[in-house]
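None of the figures in this text is laboratory data; all of them are computed from the coordinates on show. As the structure is a computational prediction, the values presented were derived from the model and not from experiment. Please note: Cβ atoms are built from the backbone with ideal geometry, for glycine as well, and neighbour counts cover all protein chains shown.
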Amino acid sequence: MFTVELEHQHLQQTLRKVESAIGDLTPLMHSLAAELASQTEENFDQEGRPQWPELTDTTTERRAKHGNWPGKILQVSAAGLAASITTHATDSSALVGSNKPYAAMMQFGGDQAEFPNLWGDIPGRPYLAMDAEGNLQPDAEKAILDLVLAHLEKAARL
């Protein structure tokens, strides 16, 4: 075995700067949280990517009776699910979510057998930029990778 040691001042300084810049991921995490919120908003605007299942006749009739139909599938009121989306970022995490009690039900769906208060089964309508298995939507994955690469490139130029 033999070892090669590179003693190149400029390269070593640059690598130290990269290590230092990458050490604080807080700005990147804020960018990622904002991007996840943007992707979530796009899902609401397009009613899913891929498209969400249509509402049942029972649901559209109930919504029409209360003046909420026609309209967007998961946007019944101005203070509803879409408006409740928040972000949070730390130096090591980027989060997007909702504090609405029904948020998980809308994302993943639910069966009336498990939740007797429902008037029927609810199919999942993933409004977050991920599916039930935690896989990112293709557009979200590309956008996040682009942000990470831009962060690394910026760090390398220091």
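For the chain, what does -39500 (n - 2.57) per DSSP helix run (n ≥ 4), summed and divided by total residues, give at 222 nm, in deg cm²/dmol to the nearest 500?
Details: 5 runs with 71 residues, N = 158.
Counting only the DSSP helices, I get -14500 deg cm²/dmol.
Sorting check: for 35-43, 84-92, 115-123, which peptide has the highest mean count of neighbouring beta carbons within 10 Å, and how do the rest follow?
Numbers: 35-43: 19.6, 84-92: 13.9, 115-123: 11.6.
So the peptides 35-43, 84-92, 115-123, ranked by packing, come out 35-43, 84-92, 115-123.
Starting from the 7 Å offset along Cα-to-Cβ, what nm value, one decimal, do you get for the label separation of residue 58 and residue 76?
According to this spin-label approximation, the distance is 1.4 nm.
Mark the label point 7 Å from the Cα of residue 114 along Cα→Cβ and return the residues of segment 37-55 whose backbone N is within less than 18 Å of it.
Counting only backbone N, you get 53.
Relative contact order (percent) for segment 60-122, with alpha-carbon contacts under 8 angstrom and 6 or more residues of separation?
Here the relative contact order equals 16 percent.
Quickly work out the residue 51-to-residue 100 label distance, labels modelled 7 Å from Cα along the C-beta direction, and quote it in nm with one decimal.
About 2.2 nm separates the two model spin labels.
For residue 17, list the lysines whose Cα falls under 27 Å from its own Cα; do not include residues on the same chain fewer than 8 positions away.
The reachable lysines, counting only those whose Cα sits under 27 Å from residue 17, are 142, 154.
Given a cut-off of under 8 Å on Cα pairs at least six residues apart, what relative contact order in percent is computed for segment 15-157?
Here the relative contact order equals 32 percent.
Can you tell me what percent of all Cα-Cα pairs in the chain are more than 26 Å apart?
That fraction is 44 percent.
Straight-line reach only, C-alpha to C-alpha below 20 angstrom: list the aspartates and glutamates that residue 100 could link to, leaving out same-chain residues fewer than 8 apart.
In chain and number order, the partners are 41, 42, 45, 47, 111, 114, 121, 131.
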